[in-house]
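Presented below is the structure to which this report refers.
The values are calculated or read from the model by the stated rules, or taken from the named source; none is laboratory data. All of these numbers come straight from a predicted model, not from anything done at the bench. Here the Cβ is made from the backbone with ideal geometry for all residues, glycine too, and neighbour counts use every protein chain on show.
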Amino acid sequence: MNIIRNELNQIGPFAFEKCNQTQTLDLSFNNLTKLYSKSFYGMIKLKTLNLFCNQISQLESDVFAGLPLLVNLDLKNNSLIYLGGNIFKNLPQLQNLYLEFNQIESIEKYAFKNLEKIKKVILKNNNLKSLEPFFYNLSSFTFLDVSSNQIKIMQNDTFKSLNKLVSFNISFNQISELNADMFKGANSLEKLYISVNKIEKIDNNFYTNFPKLKALDLSQNNLSFIQADIFKTITNLEVLNLFSCSIKAIDLSSLVNIKSLQLGSNQITFFSQNSSYLNDLVLNNNPLVNFTYPMITLQNINLTVLSIFNCRLNYIDFDILRNLTNLKSLNIAGNPKNNKLGFDLWCNALKVEIFEFSRNLSEEKKIHSSYWSCFDLKVQSSASQSSSTTSSSSLTAVHQLQLQLQSLLEKEPENLQVGLIDNPNNQHNNTVIKKSVELQTQSYQVSRLLNSNS
């Protein structure tokens, strides 16, 4: 049943009493401000209730009573401030609960207790100041998102009964410390996102709580204080994001299963990782100076993406890279121009298609200069040879795309010095980056077509 955008401002008791076969009710984009008891009385087969984008600020305690089959409840984009302890108690089949983009400041203890089928709760973009044991006896609960609140405190018993939780997002909050007991009980956690907080301390035993952790995002925190081997106990980790964390030294030798590493915009001068599973490695904006063994070894044979943009590299050992036969993307922009010859020889010897974002700096230019010597997409291929049958219109298309890209780069040099890393707080920067990637992709596709026809 669809009743969206009807300017409804009230639903009276028993309004849907005769709708005992309805499975979906959509009341979104109306002007509802309060939901009264028995508003949905009689809807015994209702499975999905959409109430998003209203102005709801009050829920009477038994408003959802009599909905024994409800699976999905969407209350996002309303004006809720408080959630009472019994508001969801009569929803035995509820699996997905959406409460994001409200103004929730307070949740009564155990407000989500005994929801045996609940899997996902979204509370992001509210006004929560602390995270307490709101959740109790949730045997199917796997996903919790409380990002973009004002959380400073997490009580140590918050997760004591959440032994099935798989993914937890508390990014964009104000957490300053990660202690050993904070996530006690969350033994099944596989994905943990704590980016953009105010972390100043991490207990050495913090990661012992996560024997199954596979993805960890601590980006944009000040981790200059951490010990180099802080991650030694999370050996199952596959994805690690430490972008812009002020890290000077890091030891990731114990991460034998790592597949993706984001270490851009730190102060790292030396790096080594021997995982044979490593696919993506981003080291942008670190003062590495030289890129030689053992930064890259024979163990990194599966590496497909390598980005060493703006790393002040005076020397790149392309003989070391020669063994990376699976490499598809290489970004060496923003480094001294004397690496250019070595790169060309390496490409020709390797005979694979490769991207080079080749804005390289002349030796007399400072590393942060906005000087762009070149930034064109180069394709080296064993099949790429000049041909008299090449379409002149296709060549013109490639040239026009590259001119557009060059124009964009000249206008927006600062926004692209981040090395194509998305910044959620800068929409203009994102637009510029997406446009550059689009132009690069189009140019690459046209070039491939030319090569296949030659």
For MET43, which of the numbered conditions (1) modelled with pLDDT of 95 or more; (2) over 35 Å from the mean Cα position of the chain (by Cα); (3) surrounded by fewer than 18 Cβ atoms within 10 Å (Cβ to Cβ) fails to hold? (3)
Those residues that are in contact with a helix residue (DSSP H, G or I) (Cβ under 9 Å, 6 or more places away or on another chain) and buried (at least 22 other Cβ atoms within 10 Å of the Cβ), I need them from the range 187-211; list them, please. LEU189
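Among what's in the range 212-238 and is among the β-branched types (Val, Ile, Thr) and closer than 23 Å to GLY185 by Cβ, pick the residue that is surrounded by the most Cβ atoms within 10 Å (Cβ to Cβ).
Once the filter is applied, the top-ranked residue is ILE234.
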So which of PHE172, PHE159 is touching a Gly at 6+ places or on another chain (Cβ under 6 Å) and buried (at least 19 other Cβ atoms within 10 Å of the Cβ)? PHE159
So PHE271 clears everything in (1) over 16 Å from the mean Cα position of the chain (by Cα); (2) at pLDDT 90 or above; (3) surrounded by 16 or more Cβ atoms within 10 Å (Cβ to Cβ) except one condition, right? Which one? (2)
Within the range 12-31, considering residues that are in a loop (DSSP other than H, G, I, E, B) and of a type in the set (D, E, K, R), the one surrounded by the most Cβ atoms within 10 Å (Cβ to Cβ): GLU17
With the structure loaded, tell me whether PHE318 is at negative phi, at pLDDT below 80, of a type in the set (Phe, Trp, Tyr) and buried (at least 17 other Cβ atoms within 10 Å of the Cβ) or whether it fails that test. yes
Condition first: part of a loop (DSSP other than H, G, I, E, B) and closer than 17 Å to PHE16 by Cβ. Now tell me which residues in the range 38-55 satisfy that. LYS38, SER39, PHE40, TYR41, GLY42, MET43, ILE44, LYS45, LEU46, LYS47, LEU51, ASN54
Yes or no: the range 64-80 includes at least one residue that is at pLDDT below 95 and among the β-branched types (Val, Ile, Thr). no
Which residues, taken from the range 180-194, are farther than 9 Å from LYS212 by Cα and part of a loop (DSSP other than H, G, I, E, B)? ALA180, ASP181, MET182, PHE183, LYS184, GLY185, ALA186, ILE194
